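See below for the structure under consideration.
The values are calculated or read from the model by the stated rules, or taken from the named source; none is laboratory data. Computed from a prediction, not measured in an experiment: that's the story for all the values here. Don't worry about glycine lacking a Cβ; one is built from the backbone with ideal geometry, like all the others, and counts go over all protein chains shown.
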Amino acid sequence: MFFLLAFLTGGIINIQLICNSSLAKKIGLINSTFINFFVAFIFLFIYKAVKLDTSIHFDISEVPLIFFSGGLLVIIITLLANFLIPKLPLLYSTIFTFLGQIITSLILDSFYGYNFQLNKLIGISFIFTGILYIISYDYLKKRFSKDEIIG
């Protein structure tokens, strides 16, 4: 069940990336990011108002300040995605985002006491080799120039 939900989340993220980058093309990068978060705020506000759940009480001063950095990171991610998606095919953007998530999760897992397993590193190297193959194929077929691929 959780694997299916994770799979659906990945699909929804790609749809969200396309919608956000299309909006960024029309109204600009900063404006599209603002609208993205404003719409999310409105929906969360309506949800909270309708639910009227008063059983959960917390003191915001007890929450460490570093925990609020997640919101800032989401804004940075949205800005970067809105900037990159029009410049790269969605396949490349998704694959590189996925690869960054995998590598970062392996590093963070090792910090939190989970074993760093060699088979996971081998799997990542297969994914990375596949990415290099796709990029070299596109380069050889003249779909992208060297400057577009490298930056």
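What to note about this one:
- One residue from THR33, THR97 being in a helix (DSSP H, G or I), within 16 Å of the chain's Cα centre (by Cα), under 30 Å from ASP138 (Cβ atoms) and modelled with pLDDT of 85 or more: THR33
- Yes/no for ALA49 being of a type outside the set (Val, Ile, Thr), in the same structural domain as SER22 (by TED's automatic domain parsing), surrounded by 12 or more Cβ atoms within 10 Å (Cβ to Cβ) and closer than 22 Å to PHE37 by Cα: no
- Residue under evaluation PHE67, criteria (1) out of contact with any Ser or Thr (no Cβ under 8 Å at 6 or more places or on another chain); (2) surrounded by 10 or more Cβ atoms within 10 Å (Cβ to Cβ); (3) under 30 Å from ASN31 (Cα atoms), criterion not met: (2)
- Contacts under 7 angstrom Cβ, first residue in the stretch 1-15 being in contact (Cβ under 8 Å) with a residue 24 or more places away in the chain, partner among the aromatic types (Phe, Trp, Tyr), 6 or more apart: none
- Filtering PHE68, PHE83 for residues that are within 14 Å of the chain's Cα centre (by Cα) and of a type in the set (Phe, Trp, Tyr) leaves a single hit, PHE83.
- Filtering the stretch 87-109 to residues that are surrounded by 13 or more Cβ atoms within 10 Å (Cβ to Cβ) and more than 14 Å from GLY10 (Cα to Cα) leaves LEU88, PRO89, TYR92, ILE103, LEU106, ASP109.
- Complete set of residues in the stretch 100-123 that are small (Gly, Ala, Ser) and either in contact with a His (Cβ under 7 Å, 6 or more places away or on another chain) or not in a helix (DSSP H, G or I) (or both): GLY113
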